[in-house]
Every structure is written in C-alpha cells, then in structure tokens.
Amino acid sequence: MEYVIEMLNITKEFPGIIANDDITLQVRKGEIHALLGENGAGKSTLMSVLFGLYKAEKGTIKVNGQVAKIHNPNDAKKYGIGMVHQHFKLVHNFTVLENVVLGVETVENGFLKLKDAREKVEKISKQYNLFIDPDALISDISVGMEQRVEILKMLYRENEILIFDEPTAVLTPQEIDELMKIMKNLASEGKSIIFITHKLNEIKQVADRVTVLRKGKYIATVDVATTSKEEMSEMMVGRKVLFEVEKGEQKPGEVILEVKNLVVKSKHSHKNAVNNVSFKVRRGEILCIAGIEGNGQTDLVYALTGLTPIESGSLLFKGSDITHSTIRQRSVSGISHIPEDRHKHGLVLDYNLAENLVLQSYFQKDYQNNGFLKFEAIYKHATDLIQQFDIRSGEGANSKTRSMSGGNQQKAIVAREIDKNPDLLIAVQPTRGLDVGAIEYIHKKLVEQRDAGKAVLLVSLEMIEVMNVSDRILVMYEGELVGQADPRVVSQQELGLYMSGSKREVIE
Amino acid sequence: MNKLLKSKGFQNASASILSIIFGFVFGFIVLLISNPANAVGGFLTILSGGFTGGMKGLGQTLYLATPIIMTGLSVGFAFKTGLFNIGASGQFIIGAFTAVFIAVKATFIPTEILWLVALTGAFVAGGLWALVPGFLKAYRNVNEVIASIMMNYIGMYLVNFMVVKTVFDAARNQSMTPTRAIIPKVGLDTLFNGSNVNLGIIIAILVAIIAYIVLEKTTFGYELKACGYNRSASQYAGMNSKRNILLSMVIAGAFAGLGGGLLYLAGSGKHIQVVDILAAEGFNGIPVALLGLSNPIGIIFAAIFVAYINVGGFYMQLYKFVPEVISIMVAAIIYLSAFSLFFREQISAFFKKRTEGK
Ligand SMILES: Nc1ncnc2c1ncn2[C@@H]1O[C@H](COP(=O)(O)OP(=O)(O)OP(=O)(O)O)[C@@H](O)[C@H]1O
Ligand SMILES: [Mg+2]
C-alpha cells in the first residue's frame, strides 16, 4: 500500500516534556485517518511538526514516498499540506474572499485581481456544498461558517493533504453532521485527511483508520471498522472507561437560585436575547439548559454571573436578591462559573498555571497578606489541583497556560471552579475538547457536587451529556424556555423537536 | 551552558544587547557619511560614553538618567497593564511646573522640607494630568494614545501660560530659579566631582524598585497585569477593570510628573523654557521602556544606558561634529536599539537553531 504521508520516528521535546516520543504515522491516499489521544498526548504537536510550525529533533517526513524537508508552513504548502487549526486564524475585518486569497493573491498594476479568485471560490463552494458567501465579513459569520472558510482556503490552494485539529469541538451537532459529509466528500475526491477528535462517534462515522497516542508515545494504528469504541478508548487511556455516568437517586432540596421574568437585551438585534425567562434551581440537582447554540444560553449565563446587565426581572440566590450584585459579590457568595470561551474569559494566557488557578481567589486570606501575594500558598494550591485533576503540562505549576494543550487548559478551569466548592456551579460546555477519560472524571465531579447538596446548572450542546448527566432538562429556543423534560423518560427525538422550535409547552 | 542559553532571562538580556550593537553599527554609518575623517574618533567617544569625562562623566550619566528612569517607568508601568502612555511628556512638564511653582511660591514651608513638598506636588500633579486619558479610556473607551497626545499639547501650552503668569523670569524668557528647594546632594557631588548628580537618582531607583514590587508581588499588581493581558478574563474574575485602568494611568502619570520635579529641582541651572516644544524626556521614556522590556529593574539599566550615550554625544563635540549630527547619531542608537527589540523572536530563534545544530 502506498502512503501519501509518512512521519517516521518523530521526536519533539518542550521544556520539561517529550511531547512526541518516537511517533510514527502513516496516512494512505484518499483515506480519513483519525488521530486519537488524551489531552496533552501530543496530537497538535505532531501536526504542527507536519505543517512546519515546529521542527522535530528526530525523525523523517516522507510525502509520496520522497523525503520532505518541511521547515515552515510555506514548505508544507509546497507539498500540498493544509491545516485547520484548533483556534482559527482568519482576519476578522476582511471578507471571506479576501481571507481566502490572503497570501496567494494576484496583483495587477497594484490592484487586487479578485475576479478570477471569486469564480474559483464560488466553484469550490458549489462543488463541496460549502454554501459560502464570498462577500460576508468574517466578524459577521458563525463559527461553523468560519471553519468552512478555513476549509475553502485549503482547497483554494489545491492542497491534497488536509489536517483538521479538533474541528468539531466548537461546532453544534448540526454543523458537525455537515462537516462529516464534507469530509467524506473530500476523501472521495482523493484528498487525504488527518482528523483529530476526542469523539469516538465521529471516528466511527467517518474515519477509515485510527492512530492512537498516549503520553507522547505511539500505541497502535487500527482499522476503525473492526475496532469498537470501548477498545479505542482503552487503547488511548490505558484502562476501561465508563461511558454511562454512574449516579444515584437525586434528593432535591431547597431552592437555591430563583430566576424571575428575566429579560436581557441582545447586542446584535432589537429582539431580546433572553425573553421573560423564569426557573428555579434546587440543591442536590443538576439542571441542564439544552438548546441549539445561539438561542440565548450565553446571554442567560452572562446575566446570572453578572457579566451582562439585566434589562428587567430579578435573581434570588440563597434567599437574597443578587439582581444588581457585582461579579465579585456573586462569586464570593458561592457561585462558580466555567465559562464557554476559555481563551476569552477563562484564562489569562500569559499567566502561568499557578497564577491562573487563583484567578477567582487571589484576594482571599489564604493567598494574600496585606495585599502581598503568598506565593508559597499559591504554588502549593496549584500542585494539589494539578495532582487531583491530572492537569498535564511541561513545567507543572510554572507552565505558561498559553503553551498548554487545549484540553489541559480546560481542565485547569474546571479544577479552579470546582475547588471553590460553590453552592451553585454554572458549567457551560464543561467538557469541550476533553478526552473520554477526562470527561468521565468531570462528570463524576459534577455528580459529586450534586450529591453533596450543591446545585449544578449545566449548559450543554452535547446531546449525550444532556441525557446522561442531568436530573432535569429545560430547553431554550429563541431566548425563551419552551420545554421541560425528565431525562429518564424523554427521547432524543422529542428533545430535538423542542430545540428546533417545532414543539413548545408552557412551563409552570 | 545549554540551560543558560535557553533561559528566558538570558534571552531577554541578549536580545537587548544585540539590539544595542545593531544601534551602534547604524550610528557608525551615520558618522562615516557625515564626517569620515573623524568618524572613528567620534565613534570611540560615543562608545566610551559616560566614561569619557572620568567621575564627572559618570556623575552626569546618573544625573541624566534620573528623569528618564521616571518617564521610562511611566511608559513601562502603563504598558505592563496593557496601556500605551504616550502622554509622559505632558505629565512630565506639568510635574516640573508644579515643583518649580511650589519651590518659588510656598515661602511659608521650611527650607529643609520644601524640596520634598515640591516633589510630592510634582508626583500628584503628573497623576492628575493622566487622570483625564485614564478616565476616558476606562469609562468611555477612548483610545488612550489620542487622548494623551492631546494632553501633551494642552500641558505644554498651559505650563507656558502659567510660567509667564506666576514664576516668570522675563529677562531670560524662562521660569525663575527655585533656590530654596534644591534636592540634597548627599555627598554625591564630591564623589562625582563637577557633575550635577544628586539624591534624585536614588529616589528614582527606589521608585523603580517599589514599582517592581507592586507589579510582581502584590494583589494589586496581579490585577493590573491580568487586566492588561486579558481584560475580559479580568472582568470574569470580578476585578474592577475600569478602576484598574484608571489607576494604572494615574500611577504612570505620577511617575512622569515626579521625573519633571526631579530634573528641575536638581540645582543644575535648568529652567522651564517658554517655547512651543514638547518635553523630550517624556518621549525618551518610550525607548527606555522598550529596552528595559517594561521591567522596572530593566528600565533602570536602560535609562542609564541612554544617558551614557547622551554623555558620549556631549563629548563628541570635541571632534567638531555639528550638534545635529550628534543628535541624529544619539537618537539613531537609542531608537534603533529599542526598535530592533521587535526582532527578539528572530533572535531567540537564532539561538535555538544554533543549539539545535550541535
Ligand atoms: N509551545 C509549547 N511550549 C511548551 N510546551 C508545549 C508547547 N506546545 C505543547 N506543549 C506541551 O506538549 C504537550 C503536548 O501538547 P499538545 O498540544 O500536542 O497536546 P494535544 O494532544 O493536542 O492535547 P489536546 O487534546 O488537549 O489538544 C503538552 O503537555 C503541552 O503542555
Ligand atoms: Mg490539541
């Protein structure tokens, strides 16, 4: 069998860690090759080596059987390798078309020649059903659309080898389905795809073969068709993973948060982002707000945590009115928040891990004395959480969070927020980008919180998470609560009807 | 050895030093073009800089470093918290005027403490001057660069106007001499005989150390930096980012204002001239901060380096270079050094390649 890409015995070190330790990856022409591994296993690093962003200390790369020297992304492009990064790299105030031609633009008499480019973009868009509007501004389009622009960029450059680094982590289930179709389509046209994901379902759905990494080492390459999800996760984590969440009967207690007729103005349109929403969260329950992305969940959470002002309505937390409390007051009184956007809100990327782990508590007596930070206590705290939550990075508490793998950044946030031991934990997409082992652990932690008589408000787009973890489900559609369900009896189909707005009921 | 080469501190320092070398090479080219015969002699003078005049030259270096440590801190402190304070010039001159005004007018204050009161006034006035762009940035999201440029001009004209109104020496078209409020020399004048160095340099260094401690060791500094690195995250963490931006700007302004006081109360015969020129010390804070990588301790050394080059430039007059060429040369070295720091990335990449090559 002939390989388009062969990465042989690749070794790449970072301070304090061997991110890739003698890894071999062989990709066949026209296949979708999944890359699977725990958070921090070295997947992104390996792809960065292939794309010329990092230079490996050891190993060779072959393209179509020939040894290839790839020192920077331009070299990679010469070999027809394109990459969609874990975090996109588009210029926001440019149009789609301008972004696509950026770097390969043709200029005539000092003017950009966009006519041919536009035709080509439209042709590709049609060929692969991308539905891209070349004149839309990047700042106006959805995340899913941004990703398609990234894909189109690769196709425009006539890349034959396409790398997707966790493309589905930021997408809605609907967008994921479409992306899967696009990928299959691309493969059938003869393109070779390397696909990183933590979701075994997706691998089952589209991939031909999968290579598994663990802690920087190569474990195996197997055929997807003949390997079960359980086997894959065991290869990756080194033990059996529970997909079902184990939890006992819930014992709901007193109401801890009461939301009354909440209205939040939308920043983008004249409609209200959250429109007259009322509900209660009790101690000892995990309440899930389900819905398709962009139906007001984000604004609801911002209003609860104080990041956005409330237009009208009120919030009662543990019996006291917090409608106009500051973010700090809410946090200190017992609300934790795992934010949706880990880079925007969750972390100060230029601070190290220890500094980030006290982001919500640096002002508490434990960590400061008369305004002076107690570094010893801060680092001790970090070491404890790193152990407890298995946060992996090159230099432990001293690692800059910017250099950490995406999943480990997420684990750091979850650790910090749960460690605050809040009465109410607001968790937005808490397992985004995490490996199955880490997801299992976080879910266990959420259930522990609930069993300890705390309340958890879970906002998730992930159907399986919604069904498995929650005790009660509220569905949000266009800023309103349109349905209530018991996860033990409701079917996914029925939830889907609520989520798409085809069904609604009055919630008492 | 490899560890040392890869350590961050070393990379930072080596980047600064390589930048300086780059600046010198460029300066030498300027000299070669303007006066080839004396280029080598002139260049050696600049290289030996503050050492040229013996102890006096060293003293002058410290004297000249004093105000630019303060303006460097002003720019660097703001930068650490995500703000670009280009208004150090205005804050500096407002501080200078306040100091001179108190020194001349506050006759009721005993001589022993008058200089201290005047310096405090300079500190406060500089801070107040930065309050305006700070407030606009924090509460109205007005770009602080534009606001502080405007405040530079307003400050300059206001000071010219106020000097004429209050402490004017009409014969010389400048401010009066603040004879009663000269900063003590504490013996530095005998150590560095013939120079103008005084307690001011020690004050400036102390302030830099305090700034370092505040930024690196306190919860306040933790908040300021968090706010500078990622404003959204600092809000999420419940920090009052508006207040932090305002405070950071005010502190930066106070540093620059104090710099003005330290220079004009040095007893070196320097007066506020009634001319329409923005104070250069303010702008020199920018390359100082860049060269010092916005680290307060780094800024002390960067300011001394810049002063050292300036003293060298002073002695270059012996080689009959026209003052303009000297100014160009000095400016070229300083600015090129500072701006080539932008190539830091390449420099660390260069070292990485070398160690990988082995
Ligand atoms: N630029 C860097 N500097 C230092 N360490 C790094 C850097 N990039 C990655 N690492 C470290 O290398 C290891 C592998 O990281 P990598 O990003 O490849 O993981 P990953 O498999 O993509 O994980 P995830 O699923 O969480 O995205 C991690 O421990 C990470 O901390
Ligand atoms: Mg990754």
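What is the log10 of I(q)/I(0) for region A:148-206, computed with the Debye formula using one identical point scatterer on each Cα and no solvent, at q = 0.15, 0.19, 0.23, 0.28 Å⁻¹?
Evaluating at q = 0.15, 0.19, 0.23, 0.28 Å⁻¹ gives log10 I(q)/I(0) of -0.41, -0.67, -0.99, -1.44.
Charges at C-beta only: +1 for Lys and Arg, -1 for Asp and Glu. How large is the resulting dipole of region A:3-237 about its Cα centre, in Debye rounded to 20?
560
Direction-averaged shadow area of the convex hull around the Cα atoms of region A:69-115, nm²?
Computing the convex hull of the Cα atoms and averaging its projections yields 4.8 nm².
Percent antiparallel among DSSP beta bridges with both residues in region A:425-487, to the nearest 5?
Antiparallel bridges make up about 55 percent of those DSSP assigns within region A:425-487.
Using each residue's phi in region B:80-88, evaluate 6.51 cos²θ - 1.76 cosθ + 1.60 at θ = phi - 60° and report the 3J(HN,Hα) Karplus result to the nearest Hz, with x for Gly and Pro.
Here the 3J(HN,Hα) series is 4, 9, x, 10, 9, 8, 8, x, 4 Hz.
When DSSP beta bridges are limited to those with both residues in region A:3-237, what percentage is antiparallel, rounded to the nearest 5?
So the antiparallel bridges in region A:3-237 amount to around 55 percent.
Rounded to a whole number of µm²/s, how large is the Stokes-Einstein D of region B:36-320 at 20 °C and 1.002 mPa s, given Rh as the Kirkwood radius over C-alpha pairs?
After rounding, the answer is 112 µm²/s.
Quick one: what are the phi-derived ³J(HN,Hα) couplings along region A:373-379, Karplus 6.51/-1.76/1.60 with θ = phi - 60°, whole Hz, x for glycine and proline?
5, 9, 5, 4, 5, 5, 6
For peptide B:208-217, how many partner chain Cβ atoms fall within 10 Å of a residue's Cβ, on average?
1
Have a look at the DSSP beta bridges in the protein assembly as shown and tell me what percent are antiparallel, nearest 5.
Around 60 percent of the beta bridges assigned by DSSP in the protein assembly as shown are antiparallel ones.
Among the listed pairs B:LYS105/B:LYS137; A:LYS191/A:LYS240; A:LYS318/B:LYS217; A:LYS43/A:LYS78; A:LYS126/A:LYS215; A:LYS153/A:LYS204, which are separated by more than 30 Å between their Cα atoms?
Pairs exceeding the cut-off: B:LYS105/B:LYS137; A:LYS191/A:LYS240; A:LYS318/B:LYS217; A:LYS126/A:LYS215.
In region A:359-400, which residues give up 20 Å² or more of accessible area once the other protein chains are added, compared with their chain alone (1.4 Å probe)?
A:LEU359, A:GLN360, A:TYR362, A:GLY371, A:PHE372, A:LEU373, A:PHE375
Would you mind giving the mean number of other chain beta-carbons within 10 Å of the Cβ of each residue in A:327-335, as a whole number?
For peptide A:327-335, the averaged partner shielding equals 2.
Rounded to the nearest percent, how much of the accessible area of the protein assembly as shown (1.4 Å probe, protein heavy atoms only) is carbon and sulfur?
Answer for the protein assembly as shown is 57 percent, counting heavy atoms of protein chains only.
May I ask for the distance between the Cα centers of region B:178-233 and region A:174-249, given as a whole number of Å?
When both Cα centres are located, 58 Å separates them.
Cα gyration tensor of region B:172-223, axes a ≥ b ≥ c as square roots of the eigenvalues: rounded (a/c below 1.5), prolate (a/b > b/c) or oblate?
Taking the square roots of the gyration eigenvalues as a ≥ b ≥ c, region B:172-223 is oblate.
For region A:347-420, calculate the relative contact order in percent as a whole number, restricting contacts to Cα pairs under 8 Å that are 6 or more residues apart.
Relative CO of region A:347-420 lands at 40 percent.
When only C-alpha pairs under 8 Å and at least 6 residues apart count, what is the relative contact order of chain B, in percent?
Relative contact order of chain B: 36 percent.
List nothing, just return the count: lysine pairs in region A:347-420, 8 or more apart or interchain, with Cα separation under 15 Å.
5
Using the per-residue mean of other Cβ atoms lying within 10 Å as a proxy for protection, in what order, highest first, do the peptides A:174-184, A:427-437, B:168-178, B:238-248 fall?
A:427-437, B:238-248, A:174-184, B:168-178
With viscosity set to 1.306 mPa s and temperature to 10 °C, compute the Stokes-Einstein D of region A:299-431, Rh being the Kirkwood radius across alpha carbon pairs; µm²/s, no decimals.
Translational diffusion coefficient: 102 µm²/s.
Per residue, how much accessible area does the protein assembly as shown show when a 1.4 Å probe rolls over the protein heavy atoms, in square angstrom?
That works out to 44 Å² per residue.
Find the sum over both chains of the accessible area lost when A and B are paired, probe 1.4 Å, and report it in Å² to the nearest 100.
2000
Mind checking B:233-246 for the average number of partner chain beta-carbons within 10 Å of each residue's beta-carbon?
Partner Cβ neighbours, averaged per residue: 5.
Can you list residues from other chains, or at least 5 along the same chain, whose modelled amide H is less than 5 Å from the amide H of A:ILE163?
Sorted by chain and number, the residues that satisfy this are A:GLY82, A:MET83, A:VAL84, A:ILE194.
Residue by residue through region B:165-171, which ³J(HN,Hα) values in whole Hz follow from phi under the Karplus form 6.51 cos²θ - 1.76 cosθ + 1.60 (θ = phi - 60°), with glycine and proline marked x?
Values per residue, Gly and Pro as x: 6, 10, 10, 8, 9, 4, 4 Hz.
Taking region A:347-420 on its own, what percent of its Cα-Cα pair distances exceed 19 Å?
Summing the P(r) tail past 19 Å for region A:347-420 gives 25 percent.
Based on the mean of other Cβ atoms within 10 Å per residue, sort peptides A:131-138, B:13-20, A:242-249 so the most packed one is first.
So the peptides A:131-138, B:13-20, A:242-249, ranked by packing, come out B:13-20, A:131-138, A:242-249.
Quick one: in region A:252-364, what % of C-alpha pairs are over 18 Å apart?
56
From the gyration tensor of the Cα coordinates in region B:212-330, what semi-axes in whole Å does the equivalent ellipsoid have, largest first, with each one equal to sqrt(5λ)?
One finds semi-axes of 36, 17, 13 Å for region B:212-330.
When all alpha-carbon pairs of the protein assembly as shown are counted, what percent fall beyond 37 Å?
Of all Cα-Cα distances in the protein assembly as shown, 56 percent exceed 37 Å.
The values are calculated or read from the model by the stated rules, or taken from the named source; none is laboratory data. Remember, it's a predicted structure, so these values are computed and weren't measured experimentally. We place every Cβ from the backbone using ideal geometry, glycine too, and count neighbours over all the protein chains shown. Quick note on the areas: whole protein, heavy atoms, side chains included, nothing else; ligands and nucleic acids left out. Shrake-Rupley method; radii C 1.70, N 1.55, O 1.52, S 1.80 Å.
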